[in-house]
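What follows is a set of notes on a single structure, which appears directly below.
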């Protein structure tokens, strides 16, 4: 099916492309490639009159906003202090004046933030999702967007995960059921 995008009603929602996260290994797409592709889409969507929402996870200065569930598989880095620039959005995606920057405190970008409000005020009904990690921040945000009635386009080669199996599972079993999975090239072609 040919991809059609109405830029004025579309937002690119970039998940966690920040210094502290793109520094970790990711697969099947290298973090540098994910960042470059997200930047290409952001530039094209801005030029077409669309909206860019840059989401990053930030910790409260006292650390008390962090979730601390009892789990069988603890998250890496729990309890360690983070470098001061950990939550900075990577320079390739430097926010422009019309972009919205959303700070979240958990995996998904909707809960506890004004993302939904910012999208609705701009008349957005379609979101293009990309970022790291496919099966954590991107998937959590996608599930919430689905429940809020947004149309979704998932840019498969502009997202990545810690393991290829995690990425592939989410793309094929979750994203394909709640939106359209496309490549960067397909999204860029639809924006021309």
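Within region 135-159, being under 12 Å from residue 181 (Cα atoms), buried (at least 19 other Cβ atoms within 10 Å of the Cβ) and in contact (Cβ under 8 Å) with a residue 40 or more places away in the chain holds for 153, 155, 158, 159. Checking each residue in region 106-134 for being farther than 19 Å from residue 158 by Cβ, assigned to a loop (DSSP other than H, G, I, E, B) and free of Cβ contacts under 8 Å to residues at least 60 places away in the same chain picks out 106, 110, 111, 112, 113, 114. One residue is enough: does region 17-40 have a residue meeting the conditions touching a helix residue (DSSP H, G or I) at 6+ places or on another chain (Cβ under 8 Å), more than 22 Å from residue 171 (Cα to Cα), at pLDDT 90 or above and surrounded by 15 or more Cβ atoms within 10 Å (Cβ to Cβ)? No, the conditions are met nowhere in region 17-40. Out of 190, 176, one residue alone is without any contact (Cβ under 8 Å) to a residue 24 or more places away in the chain, over 17 Å from residue 55 (Cβ atoms) and either touching a helix residue (DSSP H, G or I) at 6+ places or on another chain (Cβ under 8 Å) or part of a helix (DSSP H, G or I) (or both). It is 176. Restricting attention to region 1-37, the residues being assigned to a loop (DSSP other than H, G, I, E, B) and more than 12 Å from the chain's Cα centre (by Cα) number 13.
For residue 162, indicate whether it is more than 14 Å from the chain's Cα centre (by Cα) and crowded, with 16+ Cβ neighbours inside 10 Å. Yes; evaluated as a whole, the condition is true for this residue. The single residue among 168, 103 that is farther than 17 Å from residue 16 by Cβ and touching a residue at least 24 places away in the same chain (Cβ under 8 Å) turns out to be 168.
The values are calculated or read from the model by the stated rules, or taken from the named source; none is laboratory data. In this text the structure is predicted, and so the values were computed from the model without any measurement. Virtual Cβ from ideal backbone geometry, glycine too; neighbours counted across all protein chains shown.
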